[in-house]
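For reference, the structure is listed below as structure tokens.
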Amino acid sequence: MKSPSQSRDRGIPEATVARLPLYLRALHGMAERGIATVSSEDLAVAAGVNSAKLRKDLSHLGSYGTRGVGYEVEYLVYQISRELGLTQDWAVAIVGVGNLGRALANYGGFVSRGFRVAALVDADPEVVGDTIAGLNVEHIDELEAVIKRRGVSIVVLATPAAAAQEVCDRVVAVGVTSILNFAPVVLSVPDTVDVRKVDLSIELQILAFHEQRKAGGPLMAVDGQ
């Protein structure tokens, strides 16, 4: 997986990297509908960004489109996928096989995007040994061995908050440098480790804020203003 430092070394801003998956998702939808070319305006609308920003983002990939024609969908899918590292096969381990972990294990969209769930790990003896999405749930005591044996590059943490840091420390110690964290806690990691945090409660709170504004809710005064 490309790290933020690698992207910076290649001159691609982090904000652009964060938007590339949005473009890729929109392009996949177009490809599935048989659309061969797309204008920057139409792609921007599908991705939820403005067209000037999209054109600048894609220029970092060396893709400028053709005047009057736009971008070739399949080739742009390849360019973005290559930049994001999705032309490789990334083995993923999910640690924590509760409701969320099971849902992630059963999600069929990972494989088509270059990710393969290679291992499921849990501490609950009633869960260990279960078969989920064709994989046997292994015990947390075997975490390091599982990561090495399955060639895991990315770990998804779906553990309770209290266990997340300890599990994080263990996977980092065994050489994992990319973590997707669903646990409601901020992880402490070395600078060489990339962590992406997914907190659904925060996203819901942000939506609640906007709903209140749309409903004409009160604006809080700041410093007496």
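The values are calculated or read from the model by the stated rules, or taken from the named source; none is laboratory data. All values reported here derive from a predicted model rather than from experimental measurement. All Cβ positions, even for glycine, are placed from backbone atoms using ideal geometry, and neighbour counts span all protein chains on display. The accessibility values were calculated without ligands, DNA or RNA, using every heavy atom of the protein model including side chains. Shrake-Rupley method; radii C 1.70, N 1.55, O 1.52, S 1.80 Å.
If you go through region 207-214 one residue at a time, do you hit one that is open to solvent by less than 40 Å² (accessible area, probe 1.4 Å), at pLDDT below 95, among the hydrophobic types (A, V, I, L, M, F, W, C) and not in a strand (DSSP E or B)? No. Here V186 fits the description: assigned to a loop (DSSP other than H, G, I, E, B), of a type in the set (A, V, I, L, M) and touching a Lys or Arg at 6+ places or on another chain (Cβ under 9 Å). I want to confirm something. Restricting to region 30-42 and keeping residues that are open to solvent by 20 Å² or more (accessible area, probe 1.4 Å) and not in a loop (DSSP other than H, G, I, E, B), which single residue is nearest to G11 (Cα to Cα)? Taking the candidates together, the pick is E41. In the condition set (1) closer than 21 Å to F110 by Cα; (2) touching a strand residue (DSSP E or B) at 6+ places or on another chain (Cβ under 6 Å); (3) among the β-branched types (V, I, T), T177 is compliant with all but (2).
If only residues of region 97-126 that are among the hydrophobic types (A, V, I, L, M, F, W, C) and open to solvent by 20 Å² or more (accessible area, probe 1.4 Å) are counted, the one that is modelled with the lowest pLDDT is V111. Considering region 58-68, and only residues there that are open to solvent by 30 Å² or more (accessible area, probe 1.4 Å) and at pLDDT below 85, the residue that is farthest from G11 (Cα to Cα) turns out to be G68. Please verify whether V152 is part of a loop (DSSP other than H, G, I, E, B), hydrophobic (A, V, I, L, M, F, W, C), in contact with a strand residue (DSSP E or B) (Cβ under 6 Å, 6 or more places away or on another chain) and at pLDDT 95 or above, treating the condition exactly as stated. So V152 fits the description; yes. When the residues of region 74-96 are filtered to those that are hydroxyl-bearing (S, T, Y) and touching a helix residue (DSSP H, G or I) at 6+ places or on another chain (Cβ under 9 Å), the one that is modelled with the highest pLDDT is S81. Listed conditions (1) open to solvent by less than 20 Å² (accessible area, probe 1.4 Å); (2) in contact with a Lys or Arg (Cβ under 7 Å, 6 or more places away or on another chain) are all met by C168, apart from (2). Here V45 fulfils each of the conditions (1) open to solvent by 40 Å² or more (accessible area, probe 1.4 Å); (2) in a helix (DSSP H, G or I); (3) touching a residue at least 40 places away in the same chain (Cβ under 8 Å); (4) not charged (D, E, K, R) apart from (3). Considering T177, T159, the condition of being of a type in the set (S, T, Y), touching a residue at least 24 places away in the same chain (Cβ under 8 Å), surrounded by fewer than 18 Cβ atoms within 10 Å (Cβ to Cβ) and on the phi < 0 side of the Ramachandran plot is satisfied by T177 alone. Of all residues in region 158-183, those satisfying the criterion of being assigned to a strand (DSSP E or B) and farther than 14 Å from V117 by Cβ are S178, I179, N181.
Residues in region 131-145: is at least one in contact with a Cys (Cβ under 9 Å, 6 or more places away or on another chain), in contact (Cβ under 8 Å) with a residue 24 or more places away in the chain and not basic (K, R)? No; the residues of region 131-145 include none that is in contact with a Cys (Cβ under 9 Å, 6 or more places away or on another chain), in contact (Cβ under 8 Å) with a residue 24 or more places away in the chain and not basic (K, R). Just one of the listed residues (L24, L61) is hydrophobic (A, V, I, L, M, F, W, C) and either in a loop (DSSP other than H, G, I, E, B) or closer than 30 Å to E126 by Cα (or both), and it is L61.
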